[in-house]
Ligand SMILES: [Zn+2]
């Protein structure tokens, strides 16, 4: 079974000028491409009411032409839409496919083996949230497009989340599902997509065992060096091989979960090797961040620079370390 995101079109993905159909007027809303790139684990569909066809404002072919323009733009960012479902009818026709009818979502469930219970609808209209309810999905309401206009109505129908923009909606989905933590074998594909989308990737690695202020500092400094921060987390076996059998005190799942709570951490991936060199060869970061105690000639330098990246060093805060914390000396230095 697959999980899916059902996307409204006008005002959610693209600028909505009212009965939008001219390809030359097409423009993606801010944060949409960046958000969609993050939702790699989901099959993407567009579900749109196009009553402008039924009203005679534009033809079905006009709509297809507009859609082709949009798909082309998304493809450029490495984003694939499986199918566009559209209702061409006016509300007065009383068809069975106009949102919030769940007809198209039921159809997608059949055609693509979608588990609607694990799926989402994202849109800027109360009908999108009702559609989510009718299909048994989670509904995220956007304040882009017409979003601000129907807030009172939407609150009564209880969306899963009200998001300022598309990127925030994507972040909510990832956070809710613990999906900021991504499998090691999927990291390369993710990094490639992010680069296609023009994003500057920053990496940082470590054990992040019992978190302290020093971790927070290096993570937030790292994020400032680019757009997307991917943290490589040493697996339990990897920490043991570096620091001995007494460590880590927290297992890799919990260490990853806590890292993902930081808003400036975009993704976490767990690696098994003693060093992060293979991981960095796969990601090819623009910037790799390290603690200044490792110096500019840290072991990561060669692989990062060979791939066109650079090393950025962050000074540690004196007195803070997991070792100190475990010895009861953690909060001595303020
Ligand atoms: Zn219809």
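Each Cα pair under 8 Å and six or more residues apart adds its sequence gap; the mean of these over the residue count of the chain is a relative contact order of 14 percent. Using just the C-alpha positions of the stretch 4-176 as equal point scatterers, what log10 of I(q)/I(0) does the Debye formula give at each q in 0.17 1/Å? Treating every Cα as an identical point scatterer, log10 I(q)/I(0) equals -1.05. Within the chain, the percentage of alpha carbon pairs spaced more than 31 angstrom apart rounds to 41%. Within the stretch 231-265, list the residues whose amide N lies under 19 Å from a label point set 7 Å along Cα→Cβ of residue 317. In the stretch 231-265, the label zone of residue 317 (backbone N under 19 Å from the point 7 Å along Cα→Cβ) covers 258-265. Once the Cα atoms are used to define both axes, helix 60-76 deviates from the longest principal axis of the chain by about 10 degrees. Using only the C-alpha atoms, the convex hull of the stretch 266-334 corresponds to 124 Å³ per residue. Above 20 Å, the calculated P(r) of the stretch 31-98 contains 38 percent of its Cα-Cα pairs. Using only Cα atoms, tell me the angle between helix 126-135 and the longest principal axis of the chain; keep it within 0 to 90° and round to the nearest 10. Compared with the principal axis, the helix lies near 80 degrees. Sorted ascending by nearby beta carbons within 10 Å, beginning with the fewest, 270, 157, 173 become 157, 270, 173. Using alpha carbons only, how many angstrom separate the centre of the stretch 258-334 from the centre of the stretch 101-173? With the stretch 258-334 and the stretch 101-173 each reduced to a Cα centre, they are spaced 38 Å.
For 315, 171, the sequence from fewest to most other C-beta atoms within 10 Å is 315, 171. Sorting 97, 137, 261, 87 by the number of Cβ atoms found within 10 Å of their own Cβ, with the fewest placed first, yields 261, 97, 87, 137. If you model the stretch 218-334 as an ellipsoid using its alpha carbon gyration tensor, with each semi-axis the square root of five times an eigenvalue, the axes come out at 23, 17, 15 Å, biggest first. Under the simplified labelling scheme, the residue 133-residue 310 pair shows an inter-label distance of 5.3 nm, with each label point 7 Å from Cα along Cα→Cβ.
Normalising by residue count, the stretch 91-232 has a Cα convex hull of 174 Å³ per residue. Distance from the Cα centroid of the stretch 17-34 to that of the stretch 39-65 is 12 Å (rounded to whole angstrom).
No value in this document is a laboratory result; all are computed from the given coordinates. The structure displayed is predicted, hence computed values, not measured ones. Here the Cβ is made from the backbone with ideal geometry for all residues, glycine too, and neighbour counts use every protein chain on show.
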